[in-house]
Amino acid sequence: HTADYLSTVPILALSANTGMGMKAMFLKSGMNDFIPKPIEATELNQVLTLWLPDNKKHQLNIESKLSVSAKTTIDSSYQSVINRKIGIKNSAGDEKLYEQLTSNFKKDHADDMKKISEHINNSDLIAARYYAHTLKSAASLIGASPLARTAEIAEKAIVNKNLTLQQLHALESEFAKVFNELAILEMPRELIEVATHAFNREKALDLVEIMIPLLASGNANVLDYAPEAMSAFAFFGEPCLLFADALNDFEFEEALRILNVIKTKIHEG
């Protein structure tokens, strides 16, 4: 009876090896399905839904809730992807030079992911490798080490002609994180341009009410509202600049304190 039972138990392969033909190899060796690493909770649930007995599928709802909870925790403990200290050190300790380097990075490398993807799709691996290599070097220079490491992995995979979709998506993700953070780092300079704009009290209050609970819970999603808030709060001058600095350093408690000061100023008219 045990043998009969085991003969019907699905076997799912888990592997970080996601190269061409790997899934077919696992299926040919007797596996029922394949899940690539690192494992994404959504994809895992989708595969389990296909193979679990009906009386076990209800447990996926529990796992999904746990997954959402875990994701919230990760988002709330977001860490900077650019090490400013390393970047300034690479700039011979010159902060103005570092600012120029980050500005050049945004201008010179904004389309790198698009170019890498296009060259890969066109089977132009030499050009794809070139852009991955220059992105790696430039990211390392400004202190964006996670992006530099991911670009290095992609570059080696391109050279070896075994770049996976998973590796490309990882590069895209790190690329987006760096550009989002650079936008935040450059807020104070942008404030100079928007400081003369008309003050919209209603909009400013709406943003305050949205951002206060996010800051209070340490939720990094508050950064999504930062560019809009910087424009709305520019009217208040120095408190706005201090608020931007606190967000830049991910000091959410200090940002919350300053935001409450701005809220009082808004109510005072």
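Some observations on this one:
- Test for ILE266: is it assigned to a helix (DSSP H, G or I), touching a residue at least 60 places away in the same chain (Cβ under 8 Å) and more than 24 Å from LYS177 (Cβ to Cβ): yes
- Where a residue in region 191-220 is within 11 Å of PHE233 (Cα to Cα) and its partner, wherever it lies, is at pLDDT 80 or above and hydroxyl-bearing (Ser, Thr, Tyr), with Cβ under 7 Å and at least six apart: LEU207/TYR225
- Inter-residue pairs, beta-carbon under 8 Å, first over 16 Å from ARG257 (Cα atoms) and in region 228-242, second at pLDDT 80 or above and outside any helix (DSSP H, G or I), 6+ apart: ALA232/ASN200
- Which numbered condition ILE82 fails, given (1) part of a helix (DSSP H, G or I); (2) buried (at least 16 other Cβ atoms within 10 Å of the Cβ): (1)
Table: residues versus (1) of a type in the set (Ser, Thr, Tyr); (2) surrounded by fewer than 21 Cβ atoms within 10 Å (Cβ to Cβ); (3) touching a Leu at 6+ places or on another chain (Cβ under 6 Å).
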position: GLU228; (1), (2), (3): no, yes, no
position: ALA232; (1), (2), (3): no, no, yes
position: GLY237; (1), (2), (3): no, yes, no
position: ASN248; (1), (2), (3): no, yes, yes
position: GLU251; (1), (2), (3): no, yes, no
position: ALA255; (1), (2), (3): no, no, yes
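The values are calculated or read from the model by the stated rules, or taken from the named source; none is laboratory data. Note that the coordinates shown come from a computational prediction; the quantities given were computed from them, not determined experimentally. Neighbour counts run over all protein chains shown; Cβ positions are idealised from the backbone, glycine included.
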